[in-house]
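Beneath this line is the structure, given in structure tokens, with notes to follow.
Just so you know, all these numbers are worked out from the coordinates, no wet-lab data involved. Since this is a predicted model, take the numbers as computed values, not measurements. Here Cβ is always computed from backbone atoms with ideal geometry, including for glycine, and neighbour counts include all displayed protein chains.
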Amino acid sequence: MYSIVATQPGDISVLQKKEFEISEILPNQVLIKNHSIGVNFIDIYFRKGLYPWPQENNLVLGSEGAGIIEAVGSDVVNLRVGDRVAYAQANNAYATHRILDANLVVRVPDAISFDQAAAAMLKELTHDAGCFSLVDCLPRLNWKVVKYGTSCNALQPFNTNIFHFESGSLNRQSNY
């Protein structure tokens, strides 16, 4: 097993492939063999040192991934070996395997590829966080919020407002 490690803040030359051993998983954890990982700007920001590192060196970047569960802890009841799953959890995704608490992973339907699942996790969480924020604040403005599927629209009388979430930013278009 290996991971891609940033040995220190810097450009891409600080990235190295390093072998590692999997530790024993805890009763509430699962071991995931990554099939795809998401690459995000925040990974570059961490690598360059623009964001503080959570450790001094040898940081494994990456926040989202998708793969197959290879082992489950004794207390895990909702997931099984062989399940297709995805996750979004800070750092450590640039690796062949990852151990996570079972409550931090979601099942992935067969119709969604590992690439799609890994690429979508942070984007969907950003989208949902924005929608939930809108759900909380827009009624105070007498706006009605409608959430359906994967879209979130705020409706005002005689005016449709579409909110578009992308890469952590929020764009609003009125009278669309």
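Derived scalar couplings between HN and Hα for region 15-30 equal 7, 9, 7, 10, 6, 8, 9, 7, 7, 5, 7, 7, x, 9, 10, 10 Hz in order, rounded to whole Hz, by the Karplus curve 6.51 cos²θ - 1.76 cosθ + 1.60 (θ = phi - 60°), x for Gly and Pro.
Our estimate of slack between Ser113 and Asp101, defined as 0.36 nm per intervening residue step minus the Cα-Cα distance, is 2.1 nm. For region 66-72, backbone phi angles converted through the Karplus equation (6.51, -1.76, 1.60; θ = phi - 60°) give residue-by-residue couplings of 8, x, 10, 6, 9, 7, 10 Hz, Gly and Pro being listed as x.
Amide H contacts for Tyr51 (H built 1.01 Å from N in the peptide plane; partners 5 or more residues away or on another chain; cut-off under 5 Å): Phe46. The peptide list 41-49, 74-82, 58-66, put in order of mean Cβ contacts within 10 Å with the highest first, becomes 58-66, 41-49, 74-82. Taking amide H as placed 1.01 Å from N in the peptide plane, Ser36 has its amide H under 5 Å from the amide H of Ala66, each at least 5 places away in sequence or on another chain.
Applying the Karplus relation 6.51 cos²θ - 1.76 cosθ + 1.60 with θ = phi - 60° to region 77-89 yields 3J(HN,Hα) values of 10, 9, 10, 10, 4, x, 5, 8, 9, 9, 8, 9, 8 Hz, where x marks Gly and Pro.
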